[in-house]
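The values are calculated or read from the model by the stated rules, or taken from the named source; none is laboratory data. The structure displayed is predicted, hence computed values, not measured ones. Cβ: placed from backbone, ideal geometry, glycine included. Neighbour counts: every protein chain shown. All accessible areas refer to the heavy atoms of the entire protein, side chains included, with ligands and DNA or RNA removed. Shrake-Rupley method; radii C 1.70, N 1.55, O 1.52, S 1.80 Å.
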Amino acid sequence: MEPNILLERAPSAVPVGNACVPLNTSHRTGIQAMRLADDPFVGDEEKARALLFLYFGRPDGRTGRLALPDAVAENPQLGVEAALAFFNLNEPRPPEVPGTRPAAGTRVFDWDWDAGRVAADFQREYGLDLTDRGLRLHWWRFWSLLRNLSESSLTMQAVGVRGTVPDEKKMGREAVESLMRRKAALMLPARTEEEALQLTHLRYRWALEV
């Protein structure tokens with residue numbers, strides 16, 4: 001993480017070309033960016049444009065509509081790269097929600113479906129009420145707190161269960177059946193036909209009555 005937020009203030013602007021451009025640092029902006037990235041119905045070009053307006057959009061004094069700063073409007077690709085670097089805390093690899101690495105294509109977290117778990121965990125572990133509209137956390141602080149929720153938190157338990165790959169040889173039949181029941185209870189709703197097929201496979205692979 002550069003700069004180190006334990007020693008310096010977290011950034012409120014990013015370099016885009018030769019300009020230093022202010023951006024929206026709120027945790028809510030980061031959450032919206034993650035929801036956007038996870039939306040299977042939005043194309044890559046639309047996502048890139050929406051990302052720019054999420055982070056850099058400012059009301060135009062004349063029209064009242066959101067507009068991009070000149071440096072971003074003239075260099076949208078650089079703007080996207082700067083926004084993503086900020087989102088990733090300037091770390092060399094994108095941050096991941098902690099938990100067992102899931103199988104390819106497996107969804108382990110959903111900001112809408114898991115919002116209650118995250119809110120409860122932040123209230124219980126940090127004393128922060130994420131439902132308070134007056135609360136404004138810098139994204140770097142929020143993401144650091146989220147990634148370091150305890151293993152006993154509801155969020156990390158759900159992520160871990162969804163991401164764990166059942167292996168009867170290593171775990172034993174009883175443990176696998178218990179895991180599959182927990183997966184069925186915590187499964188995320190399907191958004192596409194492919195996800196619906198995955199959920200059907202999850203429900204009936206072990207002949208569970210769900």
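Observations on the model:
- Any hit, the stretch 121-137, residues being more than 27 Å from Asn24 (Cβ to Cβ) and either assigned to a helix (DSSP H, G or I) or open to solvent by less than 40 Å² (accessible area, probe 1.4 Å) (or both): yes
- Evaluation of Ala67 against (1) closer than 27 Å to Arg147 by Cβ; (2) open to solvent by less than 50 Å² (accessible area, probe 1.4 Å); (3) of a type in the set (A, V, I, L, M) (one fails), failing number: (1)
- Residue within the stretch 43-54 that is touching a Pro at 6+ places or on another chain (Cβ under 8 Å) and either within 24 Å of Arg136 (Cα to Cα) or open to solvent by less than 40 Å² (accessible area, probe 1.4 Å) (or both) present: yes
- Filtered residue count, the stretch 2-41, keeping only those that are in a loop (DSSP other than H, G, I, E, B), closer than 19 Å to Gly79 by Cβ and in contact with a strand residue (DSSP E or B) (Cβ under 7 Å, 6 or more places away or on another chain): 3
- Yes/no for Leu6 being hydrophobic (A, V, I, L, M, F, W, C) and modelled with pLDDT under 95: yes
- Cβ-Cβ under 7 Å pairs, at least 6 apart or on other chains, the stretch 147-170 side on the phi > 0 side of the Ramachandran plot and open to solvent by less than 30 Å² (accessible area, probe 1.4 Å), far side of a type in the set (Gly, Ala, Ser) and part of a loop (DSSP other than H, G, I, E, B): none
- Pick from the stretch 22-80, criterion among the small types (Gly, Ala, Ser) and under 21 Å from Phe109 (Cβ atoms), ranking: modelled with the lowest pLDDT: Ala37
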